[in-house]
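S.K.: I'd like to ask some things about the structure below.
The values are calculated or read from the model by the stated rules, or taken from the named source; none is laboratory data. Treat the numbers as computed from the prediction; the structure is a model and nothing was measured. FYI the Cβ positions are ideal-geometry reconstructions off the backbone, even for glycines, and counts take in every protein chain you see. Quick note on the areas: whole protein, heavy atoms, side chains included, nothing else; ligands and nucleic acids left out. Shrake-Rupley method; radii C 1.70, N 1.55, O 1.52, S 1.80 Å.
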Amino acid sequence: MGIEVNFEGKIALITGASSGLGARFAKVLAQAGAQVVLASRRTERLKELRAEIEADGGAAHVVSLDVTDYASIKSAIAHAETEAGPIDILVNNSGVSTTQRLADVTPEDYAFVMDTNLRGAFFVAQQTAKRMIARAKGDPSKKHRIINIASVAGLRVLPQIGVYCMSKAGVVQMTKAMAVEWGKYGINTNAICPGYISTEINEDYFASEQGQRLIEMLPRKRPGKPEDLDGLLLLLAGEDSNFINGAIISADDGMTAM
């Protein structure tokens, strides 16, 4: 008995893989045996990550992807499957935010967040799922996984990032809709809702006076680390999640329980 962590023969596409959680997700899946396809706009960073993964004995591929560009999404997914093979696992991770009061949000701010976090995430999943569905129709035993990276901000309102909260709430409902519609094709779609996680992107903020005040408000007065999501990622990507579909799972150290 135990969680299956052997992903040999599996192909995993990770968006937003150039830094932060996306880079961590890619390393974890590669260490578990999957071939990983690293996708983002910053391809030089992806090449560096590919070199790290290969140095550790893993297999990785790089594709350029701008999730705000529908043509780029279609091209990247086609390139990924040509380069690595049929995608078994999608980790739909790209995300951005702005910080301001709702009254100060401009149309440009709104489009910046929504085009990446919701519209982009939807069409990445849609284009990947179309290929998964086609394979499932030919072989009903096929099993695929889509893991959308939402946020605790999709479950509760956090100050100064209202549009981000709205976008991630959309990802939560999107995940449920996909689970219902695509489950019959052997696609399990679930969402991870991380709490505050310290990465290279925000570590300076957490070290600041304002960041320290935020940490003091958390249940156990600490931010998470990227590796705190490893177990949940491996569970949802693997065979042991066969009966988990449409789940919205918080990994927030108790934040949403407050």
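S.K.: Assign one of three labels to the stretch 1-141, namely rounded, prolate or oblate, based on the Cα gyration tensor with a ≥ b ≥ c the square roots of its eigenvalues; rounded applies when a/c is under 1.5, prolate when it is not and a/b is larger than b/c, and oblate otherwise.
M.R.: Details: a/c = 1.94, a/b = 1.47, b/c = 1.33.
In terms of gyration-tensor shape, prolate.
S.K.: Do you know the relative contact order of the stretch 1-93, to the nearest whole percent, from alpha carbon pairs under 8 angstrom that are 6+ apart?
M.R.: Details: 177 pairs, mean separation 30.7, N = 93.
The value is 33 percent.
S.K.: Return the distance in nm (one decimal) between the two label points of a simple spin-label model at residue 51 and residue 217, each offset 7 Å from Cα along Cα→Cβ.
M.R.: 4.1
S.K.: Give the aspartates and glutamates whose C-alpha is closer than 15 Å to that of residue 184, dropping any in the same chain fewer than 8 places away, or say none.
M.R.: 139
S.K.: Let me ask something additional. Could you give the accessible area per residue of the chain, probe 1.4 Å, as a whole number in Å²? Provide the component values of the computation, followed by the final result.
M.R.: Details: 12280 Å² over 258 residues.
Roughly 48 Å² per residue, with all protein chains present.
S.K.: Any lysines with Cα under 18 Å of the residue 27 Cα? List them, leaving off those in the same chain fewer than 8 positions away.
M.R.: Partners found: 10, 47, 225.
S.K.: If you take every residue apart from residue 125 with its C-beta less than 12 Å away from the C-beta of residue 125, what net charge results, scoring Lys and Arg +1 and Asp and Glu -1?
M.R.: Numbers: positive: 119, 130, 131, 145; negative: 181.
My count for the surroundings of residue 125 gives +3.
S.K.: How high is the relative contact order of the chain, given as a whole-number percent (alpha carbon pairs under 8 Å, six or more residues apart)? Present the calculation step by step, with values, prior to reporting the outcome.
M.R.: Details: 500 pairs, mean separation 46.8, N = 258.
Relative contact order comes out at 18 percent.
S.K.: Give the carbon-plus-sulfur fraction of the accessible surface of the stretch 1-144 in %, rounded to a whole number; probe 1.4 Å, heavy atoms of protein chains only. Write out the running numbers ahead of the final one.
M.R.: Working: 3380 of 6820 Å².
Ligands and nucleic acids excluded, carbon and sulfur give 50 percent.
S.K.: Next question, about the same structure. How much accessible surface does residue 185 have with a 1.4 Å probe, in Å² rounded to 10?
M.R.: Roll a 1.4 Å probe over it and residue 185 shows about 60 Å².
S.K.: If you count only protein heavy atoms and use a 1.4 Å probe, how large is the accessible surface of residue 131, to the nearest 10 Å²?
M.R.: Roll a 1.4 Å probe over it and residue 131 shows about 90 Å².
S.K.: Taking the chain as a Gaussian network, where each spring joins two C-alpha atoms under 10 Å apart, which residue of 214, 155, 232 fluctuates the most?
M.R.: 214
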